[in-house]
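So the structure is just underneath, and the comments pick up after that.
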Ligand SMILES: [Zn+2]
């Protein structure tokens with residue numbers, strides 16, 4: 001009889017392949033071109049994270065970082081690029097403050113343009129759009145709000161304002177937008193994070209098409 005049990009190692013390998021596949025998809029969507037953007041997910045008791053400053057559409061499974069529950073890198077010896085994603089402290093804050101099982105950092109132009117319409121608003125909001133239901137817990141008739149923080153010269157310098165924002169997240173928000181920059185979007189698992197990223201992208205595209 002064939003043993004169909006998936007070992008922990010096989011599971012890590014499969015998750016890494018999935019993250020590389022998603023990076024290629026996100027590159028096609030313009031969310032992680034120019035080496036920007038990033039992705040990470042929980043795996044077992046730890047995490048998997050993308051490397052920094054590389055062409056995201058070309059990342060191979062053996063280039064991804066493995067981390068333990070305390071975010072200590074456990075596969076450094078096998079990696080050529082030793083620099084983990086610049087988003088690491090931001091991903092970490094989101095894992096610590098929410099039920100996220102995966103986090104996507106998107107440089108979507110739809111989101112950046114939507115953020116440029118009104119510079120003083122505390123958040124972007126939508127209501128009475130069927131697409132809102134794609135966000136877990138969100139209801140068609142409710143106003144759905146995603147908070148916005150200001151950009152900083154270095155990605156890691158966003159950590160303080162992002163963490164403060166996570167403390168008072170609006171109902172059902174599964175993202176934080178960064179003005180002039182993009183968004184951090186999460187879900188219970190990687191496929192939910194992907195869905196949320198697609199929904200927020202759609203909602204921003206809609207806002208851009210209807211805002212004069
Ligand atoms: Zn970025």
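Please treat every number below as a calculation from the coordinates, not as lab data. Because the structure is predicted, anything quoted here is derived from the model rather than measured. FYI the Cβ positions are ideal-geometry reconstructions off the backbone, even for glycines, and counts take in every protein chain you see.
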Estimated inter-spin distance, residue 82 and residue 98, nm [label 7 Å along Cα→Cβ]:
3.2
C-alpha long axis of helix 190-210 to longest principal axis of the chain, angle in °
30
Counting other beta carbons within 10 Å of each residue's own, what order do 63, 80 fall into, fewest first?
80, 63
To make sure I understand, if each residue's beta carbon is the centre and we count other beta carbons within 10 Å, what order do 200, 47 fall in, fewest to most?
47, 200
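Counting other beta carbons within 10 Å of each Cβ, put 189, 201 in order, fewest first.
Fewest to most other Cβ atoms nearby, the residues stand as 189, 201.
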What's the center-to-center distance, using Cα atoms, between the stretch 57-98 and the stretch 8-31 in Å?
13
Peptide ranges 66-78, 157-169, 99-111, 24-36 listed from the most packed, as the mean C-beta count within 10 angstrom indicates
99-111, 24-36, 157-169, 66-78
Give me the number: length gained by fully extending residue 70 to residue 151, i.e. 0.36 nm times residue separation minus the C-alpha to C-alpha distance, one decimal in nm.
26.5 nm
Could you give the nm distance between label points at residue 6 and residue 28, where each point is 7 Å from its Cα heading toward the beta carbon?
2.2
Segment residue 55-residue 129, length gained on full extension (0.36 nm per residue, minus Cα span)
23.1 nm
